[in-house]
1. How much net charge surrounds GLY241 when only the other residues with a Cβ under 14 Å from the Cβ of GLY241 are counted, with Lys and Arg +1 and Asp and Glu -1?
2. Determine the sum of side-chain charges near VAL40: Lys and Arg each +1, Asp and Glu each -1, restricted to other residues whose C-beta is under 15 angstrom from that of VAL40.
3. Hey, with R₀ at 22 Å, roughly what FRET efficiency would ILE28 and LEU376 work out to, going by the Cβ-Cβ distance, to 0.05?
4. For the chain, list the DSSP H helices whose alpha carbon atoms reach 30 Å or more along the long axis and whose average Kyte-Doolittle value is -0.5 or above?
5. Can you give me the long-range amide H partners of ALA227? Hydrogens built in the peptide plane at 1.01 Å from N, cutoff under 5 Å, separation of 5 or more residues or another chain.
6. When DSSP beta bridges are limited to those with both residues in the chain, what percentage is antiparallel, rounded to the nearest 5?
7. For LEU328, LEU292, LEU178, give me the order by solvent-accessible area with a 1.4 Å probe, most accessible first, ignoring ligands, DNA and RNA.
8. Would you please classify the overall shape of segment 93-242 from the alpha carbon gyration tensor, given that a ≥ b ≥ c denote the square roots of the eigenvalues, rounded means a/c under 1.5, and beyond that prolate means a/b larger than b/c while oblate covers the rest?
Amino acid sequence: MPAEWVSYVWWVLPFGIFGVVSWGYWAIRKVLSATARPVVNDFRTTTTVVVPSFREDPDVLVRCLGTWVAQRPTRIIIVLDTEDTEAQGRIEALKYPTVEVVMFEHHGKRSALGHGMRMVDTELVIFADSDTSWEEGLHDAVQMPFIDPSVGAVSTRQNVYRPRSSVWRRVADWIIDLRYTDYAPAMGRFGGVICASGRTAAYRTSVIVPQVEKLEREMFFGRQCIAGDDGRMTWLVLSQGFRVTHQDSARALSMFPGTFRAFVKQRVRWSRNSYRCYLTAIGRGWVFKVPLISQIAMMQILFTPVTMFTALAYVVLAVRSEHPIPALLVAVIWTVVGRGIRGFSHLWRRPEDIVILPLVTAMIILVALPIKTFALFTMNKQGWLTRSATTRGGEGQTEASLSGAPEAERAAAS
């Protein structure tokens with residue numbers, strides 16, 4: 001072998017080893033998720049749905065409320081901000097007997113959650129975001145895993161509501177779809193889901209309500225935490241030794257940003273929340289109470305900027321090789337093809353999304369390196385970013401923003 005080839009092999013060998021490890025972990029997680037099955041039984045009990053709502057578009061809230069009421073939970077408590085009088089009037093006019101509207105001066109989402117949690121008197125509490133609707137059967141399905149007394153919380157399967165109304169919703173639906181087909185089921189089968197998304201998740205009341213002050217008053221390096229409530233509640237359950245499972249048959253649909261600006265803001269907030277949440281879990285030793293696959297997933301998330309930088313470094317080396325153009329083309333093609341392989345689960349569900357594969361690849365790189373790096377160095381900057389006191393609905397997430405959805409899709413979603 002020529003000397004220059006030997007030198008080149010030594011340069012790329014670490015990247016090759018890293019790739020084998022990364023793809024190996026993906027394959028294991030994929031098999032575990034593909035072979036996971038929802039719990040099915042007749043277990044039913046009393047439930048309270050707690051919904052914190054701050055400046056939500058009333059059209060969105062009322063639409064989602066209809067899907068919750070239709071599934072007959074014992075109680076629904078909607079904690080509105082004192083300024084949300086239009087939403088209050090519209091909900092009360094519907095005269096749903098199981099729905100209670102509570103007016104509360106919000107000091108962040110956690111304060112509203114805490115207020116609602118203190119009113120719960122049922123065996124289970126289901127937290128739902130004000131812009132999340134439920135598919136038929138979610139309420140029954142999400143209760144089934146609780147037949148096991150070691151289960152403290154249950155994560156649900158989630159997707160984007162009307163994704164074809166915006167290209168950014170289509171990208172988000174691709175990313176979130178894979179999270180709930182290739183990630184959550186693998187961790188959930190061992191009781192180690194590391195974040196039961198607050199868009200809709202169920203908890204055993206006796207496990208989570210006594211922790212309400214730890215939710216409301218969490219501090220991170222001297223600053224009170226505003227966002228990241230779902231990750232905090234998940235780890236408060238895991239830290240007590242309870243299992244957090246995933247129920248794929250319990251399915252919800254959430255509004256996602258329809259603009260690039262709001263898409264980026266949402267990812268910055270999520271990344272900051274992840275860093276604070278997982279570093280706290282490491283610092284307090286909670287990480288050792290979850291299964292190995294959950295620990296690896298957490299570390300993978302924490303080191304995403306490092307791993308993406310490593311991949312880009314390989315591309316740089318390819319450009320500096322003796323034949324830079326072919327090497328660069330191979331690197332770019334493999335990056336896109338590799339993302340397509342990892343996105344097979346989503347493409348099986350929505351094959352038409354193959355046309356946005358290059359965009360999805362670019363957005364995943366954007367999130368993995370610049371956004372997560374920025375979030376890492378600003379993780380203690382608190383704020384919601386996509387929702388404010390001066391706007392109605394989340395940025396790019398009002399009912400009017402869905403106007404681009406094709407008629408057939410609107411009819412199917414209604």
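1. The answer is +3.
2. With Lys, Arg at +1 and Asp, Glu at -1, the net is +1.
3. Once rounded, the FRET efficiency stands at 0.25.
4. 3-34, 260-283
5. Hits under the 5 Å cutoff: GLY383.
6. 35 percent
7. Highest to lowest solvent-accessible surface, that is LEU292, LEU328, LEU178.
8. rounded
The values are calculated or read from the model by the stated rules, or taken from the named source; none is laboratory data. Nothing here was measured: the structure is a model prediction, and the numbers come from that model. Positions of Cβ are backbone-derived with ideal geometry, glycine not excepted, and every protein chain shown enters the neighbour counts. Areas reflect the complete protein model, heavy atoms only, side chains present, ligands, DNA and RNA absent. Shrake-Rupley method; radii C 1.70, N 1.55, O 1.52, S 1.80 Å.
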